[in-house]
Amino acid sequence: MWIDQRGSEVLSRAESLRLLAAAAGGGAVGRLAVSSDGAPLLQPFNFAYVAGQVVVRVGDGLMWRRAAGRLVAFEVEGTDAGAFGPLAWSVVVRGLASPVPDDTLAAGSGAPAPLVPSPGDRLLAVRADAVTGRRFAPRTSGVGAGTAPTPAPAGRPR
C-alpha cells in the first residue's frame, strides 16, 4: 500500500476496477469529462462496467460530438465502511471513447438502464487505458473539512 503526500491511499489498478465495477452494479452516477472548445465539459451519467470498459448512454448532443472517438475521463466516487470509520474513495478512468454498435449491447445485457425520462439512444464505451484511484478517511473537523475558521475578533487582524 502506498500513501501519497496528502495522506490518501493510492489504490492499485485491480482495486480501482473492483470499486468501479461495484459502483456500476450499485447504480452509482459518475461524471464523463471531455474537452470542448478549450474548456472542459463535465456531465453526470449512470454507467455500466462491461468487458473492462465504462459504458454510458448519451444523446446526439454536444457530449456525443465531443466524446466519440476522443480521449475522455470518467470519474466515480463513493464511501465504504472501514474498520475505523467511513472511507471515501475516487476512481478515474482515462481512455478512448468509442461508439458501441447497436447490436453489441442489447437492452438488459449490460447497457446502463436509463435514469431520465428521455434517455439518449447512443452508447459510448470508454476504454480503461489509465486507471487511478484514491481512498481516504474524510476529515470531520478543522479547516478544510467543511467547517469555517473562527473569525478574528473585530478590530484585530488575523
Flag for residue 89 being surrounded by 11 or more Cβ atoms within 10 Å (Cβ to Cβ), in contact (Cβ under 8 Å) with a residue 60 or more places away in the chain, hydrophobic (A, V, I, L, M, F, W, C) and part of a strand (DSSP E or B): yes
Pairs with Cβ under 8 Å, 6+ apart, first in the stretch 27-40 and farther than 14 Å from residue 74 by Cβ, second acidic (Asp, Glu) and at pLDDT 95 or above: none
Any hit, the stretch 72-85, residues being among the aliphatic types (A, V, I, L, M), over 14 Å from residue 133 (Cα atoms) and either surrounded by 18 or more Cβ atoms within 10 Å (Cβ to Cβ) or modelled with pLDDT of 95 or more (or both): yes
Residues (more than 14 Å from residue 127 (Cβ to Cβ), surrounded by 19 or more Cβ atoms within 10 Å (Cβ to Cβ) and β-branched (Val, Ile, Thr)) located in the stretch 11-64: 34, 58
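The values are calculated or read from the model by the stated rules, or taken from the named source; none is laboratory data. Computed from a predicted model, the values in this text were never measured in an experiment. Note that we place each Cβ from the backbone using ideal geometry, even for glycine, and neighbour counts take in every protein chain shown.
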